[in-house]
Amino acid sequence: ITVLQIVKESQQQHGLRHGDFQRYRGYCSRRLRRLRKTLNFKMGNRHKFTGKKVTEEILSDNRYLLLILMDAERAWSYAMQLKQEANTEPRKRFHLLSRLRKAVKHAEELERLCESNRVDAKTKLEAQAYMAYLTGMLRFEHQEWKAAMEAFNKCKTIYEKLANAFTEEQAVLYNQRVEEISPNIRYCAYNIGDQSAMNELMQMRLRSGGTEGLLAEKLEALITQTRAKQAATMSEVEWRGRTVPVKIDKVRIFLLGLADNEAAIVQAENEETKERLFESLLSECRDAIQAVREDLKPDQKQREHSLENDSGKVSNIQYLHSYLTYIKLSTAIRRNESMAKSLQKALLQQQRSEEDGKRTARPQDLIRLYDIILQNLVELTQLPGLEEDKNFQKEIGLKTLVYKAYRCFFIAQSYVLVKKWSEALVLYERVLKYARQVQSGAGAYTNSLKELPDVQDLITQVNAEKYSLQAAAILDANDTQETESPSQVKDGKPLSERFETFCLDPSLVSKQVNLVHFPPGFQPIPCKPLFFDLALNHVAFPPLEDKVEQKAKSGLTGYIKGIFGFKS
């Protein structure tokens with residue numbers, strides 16, 4: 001059987017791609033049950049347990065070796081699950097070590113069975129490497145660095161020989177396992193006394209690029225453990241002329257690795273790796289700030305008392321909080337500036353060659369980044385303990401002018417795209433104003449501004465853009481005059497008033513068609529005439545008594561006749 005291939009495929013398909021060891025342990029248990037049922041190798045029945053062992057005599061089927069392998073994998077995955085839980089529950093570490101010992105025991109049995117003549121040489125070597133790997137993991141957890149290093153080196157040697165003996169496709173799997181155990185070997189070497197191992201761990205993290213998963217997590221964990229050992233000697237930090245004691249272990253570890261992290265960011269080969277390192281540094285910084293903030297809460301009353309006695313001088317813990325916040329904001333500014341440079345390159349490439357089907361970079365994206373940078377600079381000026389530091393405030397003011405200049409420049413670029421020439425020209429003048437202010441006030445702060453974008457390059461670029469803008473505005477005006485013709489000039493009249501004049505009006509096919517004036521305007525109309533009959537009062541009508549019927553008889557007789565319907 002190919003031990004490493006079976007293990008890797010099972011792990012990737014059943015939870016370890018996302019670090020879910022509990023799911024993988026459940027898969028190992030189910031597969032063991034299926035194998036025992038298929039091979040009729042059950043451990044008794046539901047009422048009684050009867051232990052059975054795999055021996056060389058029954059190795060007619062390689063699935064018997066899979067039984068031992070799955071037992072070892074189940075114990076190993078349970079140990080890794082407990083290792084995750086042991087961060088919050090330290091007592092589980094004892095159970096972790098017990099499970100690892102169980103995994104090593106199963107691996108020893110697998111190696112012993114593979115010594116049989118029925119097993120090929122490749123399987124024997126893979127079983128030895130698997131055994132060495134689990135032994136190294138156990139010794140590593142026991143902090144027996146020399147024994148762990150020997151086991152890992154044995155594992156590495158076997159896998160390297162296997163990789164050289166087979167094709168490139170088969171060698172990929174062995175080389176991946178070698179890369180996984182290399183950080184462990186370097187960490188063991190560091191603990192034995194090799195001081196150069198820490199640098200090699202940092203280089204491994206750089207070479208891992210933007211990858212994620214178990215290897216990246218293992219590298220981060222090993223680097224953190226290495227710094228934790230070095231942090232025991234660190235007791236204070238100096239910033240802007242003031243020395244502050246550092247008593248929190250998490251802050252010590254972060255400050256100790258700050259220089260290494262910044263060096264790794266500078267050495268990053270691509271933007272993806274640089275972005276991942278920035279995010280890692282910011283995450284560590286936030287954790288350190290949270291640890292300091294928790295110490296600030298019980299120290300609130302004491303800090304307020306010290307503020308009154310020391311005439312506004314903040315306490316050491318508050319000043320340390322300001323220092324860590326300064327690191328966080330400065331790192332965020334550098335990260336956004338790095339992203340802005342990448343977008344600028346994308347804009348230049350877009351101008352040279354247009355690509356269809358992809359979302360292209362826009363000046364508006366850069367404007368948003370510079371807005372965030374300016375907001376971070378405002379927060380820097382409000383840090384406790386630095387309000388009276390005139391040099392610091394002046395330095396931040398100059399940086400603000402630099403980023404304001406670049407922000408105005410890209411706002412002007414966005415106006416150029418929509419052919420708003422006058423607005424763009426005004427913004428270019430504002431850019432030159434900010435740049436000249438930076439040049440005039442940067443005398444004593446040249447060192448602090450050297451990491452910022454060069455404003456002289458910006459001035460040169462703005463001058464060139466101004467001439468291009470003026471030329472584009474003139475050409476646009478000429479094009480407008482040439483394209484206009486009597487048949488295209490509109491006078492604002494609705495269609496109902498210009499039937500006799502031909503005019504190309506694109507609005508006739510739009511949703512806002514100008515057909516008539518609506519509502520119509522008021523127009524004067526004559527009033528309805530009034531008639532007065534003046535002759536009526538002077539007319540004498542003829543008598544009409546002879547044409548009027550005589551009045552019916554009245555009385556009791558007429559009433560009775562009327563009741564019974566008799567007529568006179």
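The values are calculated or read from the model by the stated rules, or taken from the named source; none is laboratory data. Worth saying up front: this structure is predicted, and the values here are computed from it rather than measured. Ideal geometry is used to build each Cβ from the backbone, glycine not excepted, and the neighbour counts take in all protein chains shown. Ligands, DNA and RNA are stripped out before the accessible areas are found, and what is left, the full protein with its side chains, is counted by its heavy atoms. Shrake-Rupley method; radii C 1.70, N 1.55, O 1.52, S 1.80 Å.
Here the condition is being without any contact (Cβ under 8 Å) to a residue 40 or more places away in the chain, within 20 Å of K122 (Cβ to Cβ), among the aliphatic types (A, V, I, L, M) and open to solvent by less than 60 Å² (accessible area, probe 1.4 Å); of L67, L59, L35, L39, it holds for L67 alone. Among the conditions (1) open to solvent by less than 20 Å² (accessible area, probe 1.4 Å); (2) touching a residue at least 40 places away in the same chain (Cβ under 8 Å), V431 misses just one, which is (2). For first residues located in the range 140-167 and under 30 Å from R93 (Cβ atoms), partners that are in a loop (DSSP other than H, G, I, E, B) and lie 6+ apart or on another chain with Cβ distances below 6 Å do not occur.
Filtering the range 378-399 to residues that are acidic (D, E), in contact with a Leu (Cβ under 9 Å, 6 or more places away or on another chain) and over 12 Å from S322 (Cβ atoms) leaves only E395.
Scan the range 121-142 and give yes if some residue there is in contact with a Leu (Cβ under 9 Å, 6 or more places away or on another chain), farther than 19 Å from I1 by Cα and open to solvent by 40 Å² or more (accessible area, probe 1.4 Å), otherwise no. Taking every residue of the range 121-142 in turn, at least one turns out to be in contact with a Leu (Cβ under 9 Å, 6 or more places away or on another chain), farther than 19 Å from I1 by Cα and open to solvent by 40 Å² or more (accessible area, probe 1.4 Å). Might you let me know whether the range 42-60 holds any residue that is aliphatic (A, V, I, L, M), under 50 Å from the mean Cα position of the chain (by Cα) and not in a loop (DSSP other than H, G, I, E, B)? Looking through the range 42-60, none of the residues is aliphatic (A, V, I, L, M), under 50 Å from the mean Cα position of the chain (by Cα) and not in a loop (DSSP other than H, G, I, E, B).
Among the residues of the range 288-297, not a single one is farther than 27 Å from P245 by Cβ and modelled with pLDDT of 80 or more. Right, E73: in contact (Cβ under 8 Å) with a residue 40 or more places away in the chain and farther than 21 Å from R99 by Cβ or not? In short, no.
Against the test of being under 17 Å from T55 (Cβ atoms) and assigned to a helix (DSSP H, G or I), the options L134, L110 yield a single qualifying residue, L110.
When the test is whether a residue is touching a residue at least 40 places away in the same chain (Cβ under 8 Å), among the hydrophobic types (A, V, I, L, M, F, W, C) and part of a helix (DSSP H, G or I), A127 passes it.
Consider the range 243-274 and keep the residues that are open to solvent by 60 Å² or more (accessible area, probe 1.4 Å) and acidic (D, E). The one that is farthest from V314 (Cα to Cα) is E269. For the range 434-470, filtering for residues that are open to solvent by 70 Å² or more (accessible area, probe 1.4 Å), hydrophobic (A, V, I, L, M, F, W, C) and modelled with pLDDT of 80 or more leaves 0.
Taking A540, is it among the small types (G, A, S), loosely packed, with under 10 Cβ neighbours inside 10 Å and at pLDDT 80 or above? Yes, satisfied.
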